[in-house]
Amino acid sequence: MPGFSIRIRRVDGPTLRMHCPRCGAEDVEAETREQRETFLLLHVLPLFWICNRFVACSACGRQFLSALPLEQLAEYPPDLVRDYLRPKAGFLGALLAGISASCWWFPALGVLFGLLAVLVNYGKGGWVRLLSWAGLLLSLLVTGGIVALVFFLGE
Ligand SMILES: [Zn+2]
């Protein structure tokens, strides 16, 4: 996209111990980091930013998103940590979010992809969820506007 850029800043968090929801490893070490992505207009003007907290299992390498600040999560016992982890969106979710965010202007089809993206990414976190919802809301506006216009002209 011309005129836009994304600035990414990563900060390593504390190492914690958890039970991994994916591979089932118990009391395993997990590396954490916080990643802030700022969307810049004309490469300097910050529009908005999102902040993701990643937790990576040292046994299987799978990454999760944390719903809690990492310092707080590190103080929790391993079995409780699991309750605050959400899976990172998969390839299909990311693909649908991308389609939804770029096809929202297409009547009806935009709503369909927006709904699919939101459904597939339900419970996931990060920019994928953000894009899915943005795509769905924009497509609802466009399609709703066209339906209203057709209805109005048909009167
Ligand atoms: Zn694991």
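Annotations
- About its Cα centre, the dipole of the range 4-87 is roughly 440 debye, where the only charges are +1 on Lys and Arg Cβ and -1 on Asp and Glu Cβ.
- Segment LEU112-ARG10, extension gain: residue separation times 0.36 nm, minus the distance between their alpha carbons: 33.2 nm
- Cysteines (scope the chain) whose Cβ has no counterpart Cys Cβ under 4.7 Å: CYS51, CYS103
- Relative to the Cα centre, the charge distribution of the chain, modelled as +1 at Lys and Arg Cβ and -1 at Asp and Glu Cβ, gives a dipole magnitude of about 320 debye.
- Temperature 37 °C, viscosity 0.692 mPa s: under these conditions the Stokes-Einstein estimate for the chain, based on its Kirkwood radius over C-alpha pairs, is 188 µm² per second.
- Kirkwood radius for the range 91-154, taken over all pairs of different Cα atoms as the inverse mean of 1/r, rounds to 11.5 Å.
- Of the DSSP H helices in the chain, those whose Cα atoms cover at least 20 Å axially and whose Kyte score averages 0.0 or more: 127-154
Here, each number is a calculation from the coordinates, and none is a lab measurement. Because the structure is predicted, anything quoted here is derived from the model rather than measured. In this analysis, Cβ positions are derived from the backbone assuming ideal geometry, glycine residues included, and neighbour counts consider all displayed protein chains.
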